[in-house]
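The values are calculated or read from the model by the stated rules, or taken from the named source; none is laboratory data. Please read these numbers as outputs of a predicted model, since none were measured by experiment. Please note: Cβ atoms are built from the backbone with ideal geometry, for glycine as well, and neighbour counts cover all protein chains shown. These accessible areas exclude ligands, DNA and RNA; they are computed on the full protein's heavy atoms, side chains included. Shrake-Rupley method; radii C 1.70, N 1.55, O 1.52, S 1.80 Å.
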Amino acid sequence: MRRVRFLMSQTLADLGILVGAVLIGSQVTFGTWLPWRAPGIGTQVLPVLAFMLGGAIVMSLITAGTSGPGVPRPSYGRAVGIVLGTFAITSLLVLVTRVYFSRSLLAYTFALWGAGCIVQRIIRRRRPWTEDLVLLTAEKKLADDLVVAPHSNVLAVIDPQTEDDLEPFPSGATIAVDLRALLAERVAQYVSSCDIAGYNVRPLASVYEEHTGRVTLVHLAEGWEISTPMLRTVPYLPGKRAFDLIATILTLPIWLLLGAGVALAVKLSSPGPIIFRQPRVGKEDRPFTMYKFRTMTADAEDDGPQFAAENDQRLVRGGGFLRKSRLDELPQLWNVLKGEMSLVGPRAEQVAFVAQFKRAIPFYAHRHLVRPGLTGWAQVNYRYADDTADTVEKLTYDLYYIKHMSPVLDLQILWRSLWTVLSGAGAR
């Protein structure tokens, strides 16, 4: 319901801006605020105005799903899509029906409307909405994560076993109940009363997932909670593979040029091969050979596989820059072309580490339900993992991605990865 209200308010604001753009465009073009009162034109302009309004409504509905999972936010991409789509619909209908139109009116209207939609989103993103939450849980870690989440306002954290008197909270608050917890009779009655009173009562796991972009491992029981939602993504998988191929092939000249420069730098930096090859675990636990430009000394793995460390002494001259810029990962595009990897997915891990993590971390094997990626939801949300604890944290993001995998989420990850590449955040 909250998502619906958000999309409705966004759509109404966009339509209001469109109306204002039409009025200003009419004043500039015809010298009157109302275009149907322009001398010599009158009601002839009404059909094209109807085309614009109808096109805006249609594009708003079509793009409603592009907000992706999690907390909805005003999207610049959606604004551009609505404006350009409406222009295309209006132009096509004008061409088919041959009704009257004014090039100046259309130009001013769409330019002002596009600018207004962007400005509106800038303003709304400066003051993001928050959801009032009352948490019934004994899981301090989950509660702490929600306290610092940008769109949540935690009013209280209630112990499921408390015997204290519980007063009603402000109208509109969401009651997030930890369904794993054993509720005291007083607390169970309180939850029931909140539901009857019209409060939004939801499972804590769902609220946590929406606000943090992570899955709560403590709330997984059998693992089908992750694999079952994947059935919805089956129709997308062929398109995901096609996108990987098309995007990689179209940008191949850029990667080849960059790769040649990196290869020369690696060759001059230290003795040893230019390309580093290492067995990694891919989709359905199938091993494959992953390729990278070598950034460490040729004998770096003589003592066995190990995590990269901050200011790693094994790095060759310039190796730190290649890792921070992610240029060392360019050869993995060959893995993408071969179908062993995807542009977006969980990070491909070393064989020895996978065996270790499977024994130590519940549901770790679920990250191999999809192809590993050059970048992923965990990479753009969490720092580099250098121990088992960090790996557990990153797994919560990987499972979220697998559960919600979609074209919209993939594009969001690729867009955020651009900043990760430019800033070097999260790389070692």
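Just by accessible area at a 1.4 angstrom probe, what is the order of Val316, Val28 from largest to smallest? Walk me through the numbers on the way to the answer.
Values: Val316 20, Val28 85 Å².
The residues order as Val28, Val316, largest area first.
With each label point set 7 Å from Cα along the Cα-Cβ vector, what nm distance links Val147 and Arg126?
3.0 nm
Given Cα pairs under 8 Å that are at least 6 residues apart, what percent is the relative contact order of the stretch 180-287? Let's see the in-between values first.
Working: 20 pairs, mean separation 9.5, N = 108.
Relative contact order, the stretch 180-287: 9 percent.
Which length gain, in nm to one decimal place, applies between Thr248 and Gln189 when the Cα-Cα distance is subtracted from 0.36 nm times their residue separation?
Working: separation 59, 0.36 × 59 = 21.24 nm, distance 5.70 nm.
Extra length from Thr248 to Gln189 when fully extended: 15.5 nm.
Pop a pseudo-label 7 angstrom from the Cα along the beta-carbon direction at both Glu393 and Leu256 and give the gap in nm to one decimal.
Those two pseudo-labels are separated by 4.1 nm.
With every protein chain left in place and a probe of 1.4 Å, what is the accessible surface of Val392, to the nearest 10 Å²?
40 Å²
Ser9 accessible area, nearest 10 Å², 1.4 Å probe?
50 Å²
When the chain is fully extended, how far beyond the present Cα-Cα distance does Trp33 get from Ala107, taking 0.36 nm per residue of separation? Could the numbers behind the result be given before it?
Numbers: separation 74, 0.36 × 74 = 26.64 nm, distance 1.59 nm.
That works out to 25.0 nm of additional length.
Taking a ≥ b ≥ c as the square roots of the Cα gyration tensor eigenvalues, with a/c under 1.5 meaning rounded and otherwise prolate when a/b beats b/c, else oblate, which class fits the stretch 30-147? It would help to have the intermediate numbers written out before the result.
Numbers: a/c = 3.93, a/b = 2.83, b/c = 1.39.
Because a/c hits 1.5 or more and a/b exceeds b/c, the stretch 30-147 counts as prolate.
For the chain, what does the helix formula give at 222 nm: sum of -39500 (n - 2.57) over DSSP H segments with n ≥ 4, over the residue count, nearest 500 deg cm²/dmol?
Working: 16 runs with 221 residues, N = 428.
Result for the chain: -16500 deg cm²/dmol, rounded to the nearest 500.
Given a Förster distance of 35 angstrom, what is the FRET efficiency for Ala181 paired with Leu411, based on the Cβ-Cβ distance and rounded to 0.05?
0.40
Tell me, in nm to one decimal, what length is gained between Thr97 and Met8 on full extension, where the rule is 0.36 nm per residue of separation less the Cα-Cα distance? Each step should come with its number before you reach the end.
Working: separation 89, 0.36 × 89 = 32.04 nm, distance 3.05 nm.
29.0 nm is the gain from fully extending Thr97 to Met8.
Mind checking which aspartates and glutamates have their C-alpha under 17 Å from Lys140, skipping anything on the same chain fewer than 8 residues away?
Excluding near neighbours in sequence, the set is Asp159, Asp178, Glu209, Glu393.
Rank these by accessible area, largest first, 1.4 Å probe: Arg323, Arg186, Arg124, Arg37. Before the final figure, lay out the partial values.
Details: Arg323 30, Arg186 90, Arg124 70, Arg37 165 Å².
Correct descending sequence by accessible area is Arg37, Arg186, Arg124, Arg323.
Between Gln356 and Leu15, with labels modelled 7 Å along Cα→Cβ, what's the label distance in nm to one decimal, could you check?
Inter-label distance under the simple model: 5.8 nm.
Return the carbon/sulfur percentage of the accessible area of the chain, one whole number, probe 1.4 Å, all protein chains in place. All intermediate terms of the calculation are to be shown ahead of the outcome.
Numbers: 13920 of 21760 Å².
C and S fraction of accessible area: 64 percent.
So which GluC sites (Glu not before Pro) in the stretch 67-163 end up in coil per DSSP with only 10 or fewer other C-beta atoms within 10 Å? Each step should come with its number before you reach the end.
Numbers: sites: Glu131, Glu139, Glu163; in loops: Glu139, Glu163.
Filter output for the stretch 67-163: Glu163.
Excluding ligands and nucleic acids, what accessible area in Å² is computed for Tyr384 using a 1.4 Å probe, to the nearest 10?
40 Å²
Percent of alpha carbon pairs in the chain separated by more than 40 Å? It would help to have the intermediate numbers written out before the result.
Details: 32599 of 91378 pairs.
Within the chain, distances greater than 40 Å cover 36 percent of Cα pairs.
Would you work out the relative contact order for the chain, in percent, from Cα pairs under 8 angstrom that are 6 or more residues apart? If you can, show how the numbers build up before the last one.
Working: 574 pairs, mean separation 52.1, N = 428.
Averaging sequence separation for qualifying contacts and normalising by length gives 12 percent for the chain.
Please report the spacing between the Cα centers of the stretch 119-154 and the stretch 364-401 in Å, no decimals.
The stretch 119-154 and the stretch 364-401 have Cα centres spaced 23 Å from each other.
Where does each of Phe288, Phe243 land when they are ordered by accessible area, with a 1.4 Å probe and the largest first?
Details: Phe288 20, Phe243 90 Å².
Ranked from most to least accessible, the order is Phe243, Phe288.
Highest GNM mean-square fluctuation, the chain, Cα pairs closer than 10 Å: which of Leu46, Leu135, Leu245?
Leu46
Determine the per residue accessible area of the stretch 59-147 with all protein chains present and a 1.4 angstrom probe, expressed in square angstrom.
Details: 4610 Å² over 89 residues.
Accessible area per residue: 52 Å².
Go through Lys292/Lys394; Lys338/Lys394; Lys141/Lys394; Lys338/Lys358; Lys283/Lys338 and tell me which ones have a Cα-Cα distance over 20 Å in this structure. Can you show the working numbers first?
Numbers: Lys292/Lys394 22 Å; Lys338/Lys394 26 Å; Lys141/Lys394 15 Å; Lys338/Lys358 26 Å; Lys283/Lys338 13 Å.
Pairs exceeding 20 Å: Lys292/Lys394; Lys338/Lys394; Lys338/Lys358.
Once the other residues with Cβ under 10 Å from the Cβ of Thr233 are scored (Lys, Arg +1; Asp, Glu -1), what is the net sum? Kindly include the intermediate steps, with their values, before the conclusion.
Working: positive: Arg232, Lys240, Lys403; negative: none.
So the environment of Thr233 carries a net charge of +3.
Answer rounded, prolate or oblate for the stretch 101-256, using the Cα gyration tensor with square roots of eigenvalues a ≥ b ≥ c: rounded when a/c is under 1.5, else prolate when a/b is larger than b/c, else oblate. Write out the running numbers ahead of the final one.
Numbers: a/c = 2.92, a/b = 1.58, b/c = 1.85.
Oblate, since a/c reaches 1.5 and b/c is not below a/b.
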